[in-house]
Amino acid sequence: MKYISEFRNGHLAQMLAQKIQQTVEFDRHYALMEFCGGHTHAIHRYGLPTLLPHNIELIHGPGCPVCILPIARIDYAIALSHLPNIILCSYGDMLRVPGSDQYSLLKARAKGADVRMVYSIDDALTLARHNPTKEVIFFAIGFETTTPPTAVALLQAQQEKLKNFSVFCNHVLTPIAMQALLETEKNTDDSAVALDGFIGPSHVSIIIGSDAYKSVAEKYRKPVVIAGFEPLDVMQSILMLVKMVNQQQYGIQNQYTRAVTHKGSTKCLQFIAQTLELRDTFEWRGLGWMANSAMKIKKEFAEFDAELRFPLTIAEGKEHKACECSAILRGLKKPKDCKLFAIACTPENPLGSCMVSSEGACAAHYAYGRLSE
Amino acid sequence: MTIETFKAKPKISIKHGVVEMNHGAGGKAMHQLIEQLFLSAFDNEWLAQRNDQACFTVSNPRLVMTTDGHVISPLFFPGGDIGSLAVHGTLNDIAMAGATPLYLSAGFILEEGFPLRDLQKIVASMATAARDANVCIITGDTKVVEKGKGDGVFITTTGLGVIPENVRITHTILPGDKIIVNGFIGDHGIAVMSQRQNLQFNTHIVSDCASLHELTAMMLETVPTLHSLRDPTRGGLAGTLNEWAEQHQVGFCLNENAIPIRDAVRGACELLGLDPLYVANEGKLVVACAPADADTLLASMKAHPLGTNAAIIGEAIADPHHFVQMKTSFGGKRIVDWLAGDQLPRIC
């Protein structure tokens, strides 16, 4: 646990908390959005809100890969799993997310579909090699963090000439989502949704680099601090943001210098560029259809593209009527503003995607946040 | 007319044989399997009578009975296997009532095609675990299901025990009660997970699988009026405390720094995105006792090999919400809720 416990030191946390307390201007409100679900999780797991001054408000952003996937894509995956001779695999959280009519991949499995949880796409490749008579489909989701492994798997599948492996690609892009949020903010009169700054993505930034957010930060004149996922990282980033807000600075600062560079990982970006390209448009839960906001598999790898191999027509996804996930993902509402929260919608029986993943705003708030109320 | 009699008793080939449908059909093959594999391992006066049931008398009318089905995958893991687990698991449920376990029954559901070699290993480790615990497996049953309709072996054990005269567990938890665990949590779950097919990773962690009745007997000798005892198996420590909170209408406040967790378990959980508080244990107990008894009890636990790393991890509090909360080592506070579904690894 060396190199981790140092970033969870309670004594340093108290010192940082004091510093933040001294730095905030008491007549000012600081609305800071943590973009990533990983930050949401850390904030609640370590009880950070109880250490911060009252005028710092942390708003959960849309950076939870499970949460932003629209119902139609989940319905597509479920339909794939029910085709004959298929093994459909994905990361654990994805299996519980409800699609239309609260039907999920886990429920599909109970009805006989061969749905498997894997820890990485590499396990999916292994499954394909060991089951040559089955079609193995990997349900790929996530931001830029999980995209390089998908890219490498595509290259590997091509090299091995695997005939029974394909990817249902749902990789999405972070900076474009940040821009969409700020565009909504600009077009709304409601000052309640105004954001003073961003706690910027952690693992995503390792891949794409801190420069990737520069144009958004400058266009909308917002401060962004790239922050690590450990609780002290988050505390330090909040201090940096408070200082930037006080001095009316905007642009990018990097707290997570031990991992994030300006340009990101050239190697990873190269793998992505080799195998994937921008989609014209893609639907996000909460943010709607956004141009150039997701990746699809390049033509050269078409034989590994599950959407081309198993083309299906999926009706428009049906959200639960009272579910507020969309507004929560945009930071417009808080979990407790939803009528379903902790009553009809709980981690045991999630009605919306934000209640599924531990990174989802509702699940994190349910698990850790209720103490403060 | 002459009738030839054949007295030969053909030996089943344990080395190369597999479970076949006729091993469960009630005929000779089943008889041979029971004689040569089970009876020889469990060997005791009740089984020797070859009846479908066992008759016995007990000294004390305060009896405890429990049953537990074991379905673990993989069947063999560092520190144990389904056989030892099937003994320890049931004995621990008896021990948590403050009872001394006496007898076990064992029901086997075997899958066609399962290697007899592996079955023998499992039966041998059951026999050893029972013998070490001074308990006899006195009756049993074997069934065979078709290939694909089981997962190798399922074992259900039922246990019977007696509660000694002096034991007076109150079965009530009150605000102020101290909560103690007997050692490192999460070892079993992580040891098993390290062997799962899609997850194999190298670790020195072994399952804590053990029978706890000697430890509980010692604890009850020191403090006969313990408030409650439970073994935090599935659902982990968090699961047990949430069950207690609801059952006894109290809250709990834990101190994260005080909970014994091995660095290796912490590290594995960190990598897999799991929380050790929810990871299963098979040789751990949680006890609630009056605050005045806590130090004496802790000392007596530490004197037993299964309690060397025992620690007071928190206390019961009055809380209308019945929350289990924890002071984090970071200095904040959080709720330790029930586990929803299975623990799933985080994505990014």
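Read the figures in this text as sums done on the coordinates, not as results from a lab. Note that this is a predicted model, so its numbers are computed, not measured. Glycine also receives a Cβ, built like all others from the backbone with ideal geometry; neighbour counts cover every protein chain displayed.
Below is a table of values for the structure above.
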| quantity | calculated |
| --- | --- |
| Theoretical ellipticity at 222 nm over chain B - DSSP helices of four or more residues, -39500 (n - 2.57) apiece, nearest 500 | -7500 deg cm²/dmol |
| Inter-site label distance for B:His204 and A:Asn292 at 7 Å from Cα along Cβ, in nm | 5.4 nm |
| For segment A:10-17, 3J(HN,Hα) per residue [Karplus equation, 6.51 cos²θ - 1.76 cosθ + 1.60, θ = phi - 60°, Hz, x = Gly/Pro] | x, 5, 4, 4, 4, 5, 5, 4 |
| Spacing of the two label points (7 Å from each Cα toward its C-beta) at A:Tyr119 and B:Lys147, in nm | 3.0 nm |
| Within chain B, longest stretch clear of exposed chymotrypsin sites (Phe, Trp or Tyr not before Pro) (DSSP loop, no more than 14 other Cβ within 10 Å) | B:202-348 |
| Vicinal HN-Hα couplings computed from phi for segment A:42-48 (Karplus, 6.51 cos²θ - 1.76 cosθ + 1.60; Hz; Gly/Pro x) | 5, 4, 7, 4, 9, x, 4 |
| Structure-based [θ]222 nm, chain A - -39500 (n - 2.57) summed over DSSP H runs of at least 4, per residue, nearest 500 | -10000 deg cm²/dmol |
| Cut-off under 5 Å, modelled amide H: who pairs with B:Asp141 long-range | B:Ala106, B:Gly107, B:Phe108 |
| Positive-pole candidate from A:Leu329, A:Leu69, A:Phe301, dipole of chain A, charges at beta carbon | A:Phe301 |
| 19 Å reach of a label modelled at B:His31, 7 Å along Cα-to-Cβ, counting backbone N of segment B:46-62 | B:47-53 |
| Residue order, fewest to most beta carbons within 10 Å, for A:Cys362, B:Cys269 | B:Cys269, A:Cys362 |
| Partners for B:Lys327 among lysines (Cα-Cα distance below 21 Å; same-chain residues under 8 apart left out) | B:Lys178 |
| DSSP-defined antiparallel bridges as percent of all bridges, segment B:21-162, nearest 5 | 70 percent |
| Eligible aspartates and glutamates near A:Lys263 by straight Cα distance, threshold 16 Å, same-chain separation 8 or greater | A:Glu144, A:Asp211 |
| Other-chain or far-sequence residues with amide H under 5 Å of B:His70's (modelled H) | B:Ile155, B:Thr156, B:Thr157 |
| Rounded to 10°, Cα long-axis angle of helix B:82-95 versus longest principal axis of chain B | 50 degrees |
| Ordering of B:175-183, A:40-48 by burial proxy (mean other Cβ atoms within 10 Å per residue, highest first) | A:40-48, B:175-183 |
| Degrees, to the nearest 10: A:231-246 long Cα axis against longest axis of chain A | 60 degrees |
| Sequence-separation-based contact order of chain A, relative, with Cα cut under 8 Å and 6+ spacing, percent | 23 percent |
| Under-5 Å amide H pairs with B:Ile259, H placed in peptide plane, nonlocal only | none |
| Residue order, fewest to most beta carbons within 10 Å, for A:Glu319, A:Glu218 | A:Glu218, A:Glu319 |
| Per DSSP, loop GluC sites (Glu not before Pro) in segment B:4-104 with at most 11 further Cβ within 10 Å | B:Glu4 |
| Segment A:215-266 and segment A:150-183: distance between their alpha carbon centers, rounded to Å | 26 Å |
| Percent RCO, i.e. relative contact order, over segment B:21-162, from Cα pairs under 8 Å lying at least 6 residues apart | 38 percent |
| Test item: A:344-350 mean partner chain Cβ contacts at 10 Å | 2 |
| Ascending count of other beta-carbon atoms within 10 Å, so fewest first, for B:Met193, B:Met301 | B:Met193, B:Met301 |
